[in-house]
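In what follows, a structure is listed as structure tokens, so that the remarks can point back to it.
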Amino acid sequence: MSSNRTFVRLRGFRDFAPADFALRRHLFSTWRRVALAHGFHEYDGPPLEPLSLYVEKSGEEIVGQLYRFRDKGGREVALRPEMTPSLARILAGRSRGMPKPIRWFSIPQLFRYERSQRGRLREHFQLNVDIVGEAGVAADAEALAVAIEAVRGLGLDESDFVARVNDRRLVTAVLEGLGLSGELHAPCLAVIDKAGRAGEERTREALGALGIGGEAAGSLLELVADGSLAQLRRRFGNDARVMAALEPLMEHRRILDEMGLAPYLTFDFTIVRGLAYYTGIVFELFDRAGELRAICGGGRYDRLLERVGGEALPAVGFGMGDVVLGEILRDRELAPPGDPVCDYFMIWVRPPQRRAALSAARRLRAAGRSVSYALRPLAVGKQLRLAARSGASRAVIIGPEEAASASATVRDLATGRQESFTIDALVAGAQGAGGSEPRSRPKTG
Ligand code: HAM
């Protein structure tokens, strides 16, 4: 029985038709190239993990967004919403004996049940780059440098994006300077994290709900409205602990300056990161126009590995999503051309030449070229029309004479110019050794 039901894609999920896939491949290959160039090794883990990994390690916001269910064996499981807990779990089982620091990267697909909107979906891919086993600030600088280079590699520069940097230890020093007790620090960080989206009134209310009012609330609201270093110094310049807590950030900046990346940096007190596990310098990358959500977020998380039962190893890293970057590249017309390109389209004039054509196709493919052809017997004219529509650069035509002399007529489909080659010369040219080299593919991945 047939049904007329149509099926729609789930909200917040994407199909990747070839043009979309070209952009995805471009992002992934750039990310991979940059991560490998910085000495990172690629890894992956399973997309489904025990629910408890996130309940205990990620923090409330992400737990509220989990795709979670009970599997047929009665286990509570979740689709991974982020990679960091998996990385900690994987390393907990194998980091002992590994040379440190560990430089690992991954490009997982992640799932979060969020309200979908521009730049925010229910699945996305994320470049994750992490350095494990180094507590010094040079590791923080290196991680941020990889993030900046990964975006620069896509053709964007300091006029397009900025890295906003802060340090959770500095925020803690500020909260202490305001006389707020330790148990208020985590909820206060959550209020600061949401302040940009919430606006002043709701932030004041949220602080009030924590029992924070008067001068402390006033100072925090000032810092949230203007998170600059100048503002911080104006208000806390005389607080020795706050000023001392600035030192790692200053060294971080010096190192990134030596790398030539200072133009990408700005201090921002409102960047504290929503995830529970961060302990030190934190950062987010944003488009300068400020139209979109963060391109990337990360920071130092020195206690997570220990908390999943591993070695007590300091760690720092980031996650960079494909959705916001994809929007920016499309807006700036930096997305690669999506048309699939084929090098050769084989044409045989009559069925007896099929053998010669298929054999030549096989040799050209083995030489690294892409070859297509009609999958049913067609007149030569129709095959040529198919060739033109296929996007191929050249048609390779084999008739009775060519088949008898192991040669082919090669037509440039852009200019219509034709030349004869032996199949051997054509294959040698395809390998880059001779003069019958076809136009090369645009570099999209
Ligand atoms: P995150 O800030 O939750 O951090 O995500 C990092 C980036 O992933 C965001 O800046 C954004 O570009 C992208 N992203 C997140 N959620 C979505 C979504 N629903 N739709 C589209 N893009 C999204 C983490 O996940 C940390 N685990 C990163 C990390 C690695 N920290 C240390 N190592």
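The values are calculated or read from the model by the stated rules, or taken from the named source; none is laboratory data. Owing to the predicted nature of the structure, the values given are computational and were not obtained by experimental measurement. For neighbour counting, all protein chains shown are included, and Cβ atoms are generated from backbone atoms with ideal geometry for every residue, glycine included. For accessibility, only protein heavy atoms count, side chains too; no ligands or nucleic acids. Shrake-Rupley method; radii C 1.70, N 1.55, O 1.52, S 1.80 Å.
General remarks:
- Peptides 380-389, 117-126 ranked from most to least packed, by the mean per-residue count of other Cβ atoms within 10 Å: 117-126, 380-389.
- Taking every protein chain into account, the 1.4 Å probe leaves TRP348 with about 40 Å² of accessible area, to the nearest ten.
- Note on ASP302 and ALA209: their simple-model spin labels are 3.2 nm apart, each label 7 Å out from Cα toward Cβ.
- Charges were assigned to the Cβ only: +1 to each Lys and Arg, -1 to each Asp and Glu. The resulting dipole of the range 273-319 about its Cα centre is roughly 80 debye.
- Karplus-derived 3J(HN,Hα) values for the range 233-243, using 6.51 cos²θ - 1.76 cosθ + 1.60 with θ = phi - 60°, are 5, 4, 7, 10, x, 9, 8, 4, 5, 5, 5 Hz; glycine and proline are entered as x.
- The range 304-337 and the range 21-50 have their alpha-carbon centroids 10 Å apart.
- Among LEU334, TRP348, ALA315 - extreme Cα towards positive end, dipole of the range 248-382, charges at beta-carbon: TRP348
- Average accessible surface for the range 18-331: 42 Å² per residue, computed with a 1.4 Å probe over protein heavy atoms with every protein chain in place.
- Between ASP226 and GLU176, the contour length at 0.36 nm per residue exceeds the Cα-Cα span by 16.0 nm.
- Among LEU329, LEU178, LEU23: highest mean-square fluctuation, GNM of the chain, C-alpha pairs under 10 Å: LEU178
- Evaluated over the range 55-168, the Cα radius of gyration and Dmax, each in Å: 16.8, 53
- Entry note, the range 342-435: relative contact order of 31 percent, from Cα contacts under 8 Å with a spacing of 6+ residues.
- Put a plus charge on the Cβ of each Lys and Arg, a minus charge on the Cβ of each Asp and Glu, and nothing anywhere else: the dipole of the chain about its Cα centre is then about 2440 debye.
- Taking the range 18-331 and dividing mean pair separation by its residue count, relative contact order in percent (alpha carbons under 8 Å, at least six apart): 25 percent
- Ellipticity estimate at 222 nm from DSSP helix runs (n ≥ 4, -39,500 (n - 2.57)) divided over the chain, nearest 500: -12000 deg cm²/dmol
- Projected label distance in nm at SER52 and ALA135, using a 7 Å step from Cα toward the beta-carbon: 2.9 nm
- Each principal axis of the Cα cloud of the chain was taken in turn, and the coordinate range along them, longest first, works out to 93, 61, 48 Å.
- For the range 342-435: accessible area per residue (Å², 1.4 Å): 55 Å²
- Helix 247-258 axis, angle to the chain major axis (alpha carbon atoms, nearest 10°): 30 degrees
- The chain, accessible surface, carbon-and-sulfur percent (1.4 angstrom probe): 50 percent
- Set of aspartates and glutamates near LYS72 by C-alpha distance (under 18 Å), chain-local residues within fewer than 8 positions excluded: GLU49
- Annotation: for a label point projected 7 angstrom from Cα along Cα→Cβ of PHE28, residues of the range 283-322 with backbone N closer than 13 Å are 322.
- Angle between the chain longest axis and helix 354-366 axis [Cα atoms, degrees, rounded to 10]: 30 degrees
- Virtual spin-label span in nm between GLU123 and ALA198, 7 Å along Cα→Cβ: 3.4 nm
- For the range 199-216, putting each phi into the Karplus relation 6.51 cos²θ - 1.76 cosθ + 1.60 with θ = phi - 60° gives couplings of x, 5, 4, 5, 5, 4, 5, 5, 5, x, 5, 8, x, 9, x, x, 5, 4 Hz, in residue order, rounded to whole numbers and with x for Gly and Pro.
- The range 224-302 - percent relative contact order, Cα under 8 Å, separation 6 or more: 24 percent
- Calculated FRET value between VAL8 and GLU291, using beta carbons and R₀ = 41 Å, to 0.05: 0.90
- Partner aspartates and glutamates for LYS100 [C-alpha distance under 20 Å; skip if fewer than 8 residues away on the same chain]: GLU42, ASP44, ASP130, GLU134, ASP140, GLU142, ASP302, GLU306, GLU311
- Degrees, to the nearest 10: 322-331 long Cα axis against longest axis of the chain: 70 degrees
- The GNM of the chain, with springs linking C-alpha atoms under 10 angstrom apart, assigns the highest mean-square fluctuation among PHE105, PHE21, PHE283 to PHE21.
- THR172 contributes an accessible area of around 50 Å² to the protein surface, as traced by a 1.4 Å probe with all chains present.
- On the principal axes of its alpha-carbon atoms, the range 66-106 has extents of 39, 18, 10 Å, going from largest to smallest.
- Note on TYR113: accessible area approximately 120 square angstrom, rounded to 10, probe 1.4 Å, nucleic acids and ligands left out.
- Computed from the C-beta positions of ALA17 and GLU247 and an R0 of 56 Å, the FRET efficiency is 0.65 to the nearest 0.05.
- Highest GNM mean-square fluctuation among ALA92, ALA414, ALA139, for the chain modelled with Cα contacts below 10 Å: ALA414.
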